[in-house]
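These notes are about the structure you will find just below.
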Amino acid sequence: MAKVLIIGASSGIGYEATRQALCHGHETVAFSRSAGRLALSDPKLTLMPGNALKPQEVRQALDGVDAVIQALGVRLTPKTMLFPVTLFSAATRILIAEMEHVGVGRLLAVTGLGTGESRAALPVPARPAFDLVLGRAYDDKGYQERLIENSGLDWTLVRPGILTDGSHTGRYRVLVDPNDWRPGFISRADVADFMVRNMTNPLFSRKAAALIY
């Protein structure tokens, strides 16, 4: 069993990853600003309220962990559509520095299909709408990915397709060849499944994996 730190544990993929890590018997540190209100209880769960933009709080959360799942998100609002988003890159820069400082090597980070070179997988007619709605956030996710790729960490970039609130099935495609990347749907629960199952698996080390059904 591993000890995992989940950043962004209060909702979405982070919440599902927390729940599933506990189901697999992993010691789990749930880190987010509202972690204290997380509706989970388990002897192996540590709730750690904290801010991913504060280095000292991130360093404290990393104590004794074997792997980190980073599942940050921003709400889709007019502000995030119209103005630059910096959360992903800023938090990742801090996380990488603190992981390297304390000697934690394994990082699985959620970005998205359409980030970086995977933009080429999006249908050309859909790109203007994608850029209008998600462009600011995905620009920053692209910067986030470059920071991770240029680090010395044992990383996996997790690029889900269009996220749904569907159930945990465990049946999805993991695409690492860019020629296979294509749009599709996947539940947040199944994205979490991939990350929890591959926390210590070297198969996807230093690779970007697109996830769709």
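Where a number appears in this text, it was derived from the coordinates with a stated rule and is not lab data. In this text, all values refer to a predicted model and were calculated from it rather than measured experimentally. With ideal geometry, Cβ positions are generated from the backbone for all residues, glycine too; neighbour counts draw on all protein chains shown.
Can you tell me which residue within segment 152-188, out of those that are in a loop (DSSP other than H, G, I, E, B) and either of a type in the set (D, E, K, R) or within 16 Å of the chain's Cα centre (by Cα) (or both), is farthest from Phe88 (Cα to Cα)? Taking the candidates together, the pick is Arg171. Which one is farthest from Leu134 (Cα to Cα), of the residues in segment 189-207 that are in contact with a Ser or Thr (Cβ under 7 Å, 6 or more places away or on another chain) and not in a loop (DSSP other than H, G, I, E, B)? Among those residues, the one meeting the criterion is Phe204.
Report yes if Arg159 is of a type in the set (Lys, Arg), buried (at least 20 other Cβ atoms within 10 Å of the Cβ), in contact (Cβ under 8 Å) with a residue 24 or more places away in the chain and in contact with a helix residue (DSSP H, G or I) (Cβ under 7 Å, 6 or more places away or on another chain), otherwise no.
For Arg159, the condition - of a type in the set (Lys, Arg), buried (at least 20 other Cβ atoms within 10 Å of the Cβ), in contact (Cβ under 8 Å) with a residue 24 or more places away in the chain and in contact with a helix residue (DSSP H, G or I) (Cβ under 7 Å, 6 or more places away or on another chain) - is met.
Does segment 121-128 contain any residue that is of a type in the set (Gly, Ala, Ser), buried (at least 22 other Cβ atoms within 10 Å of the Cβ) and either in contact (Cβ under 8 Å) with a residue 24 or more places away in the chain or assigned to a helix (DSSP H, G or I) (or both)? Checking segment 121-128: not a single residue is of a type in the set (Gly, Ala, Ser), buried (at least 22 other Cβ atoms within 10 Å of the Cβ) and either in contact (Cβ under 8 Å) with a residue 24 or more places away in the chain or assigned to a helix (DSSP H, G or I) (or both). The residues of segment 43-93 that are within 16 Å of Thr28 (Cβ to Cβ) and buried (at least 17 other Cβ atoms within 10 Å of the Cβ), listed by number, are Leu45, Leu47, Met48, Gly50, Ala61, Leu62, Val65, Ala67, Val68, Ile69, Gln70, Ala71. Taking segment 9-109 and the strands (runs of 3 or more DSSP E) fully enclosed by it, the elements with 3 or more residues that are farther than 23 Å from Ala210 by Cβ are at 27-32, 45-49.
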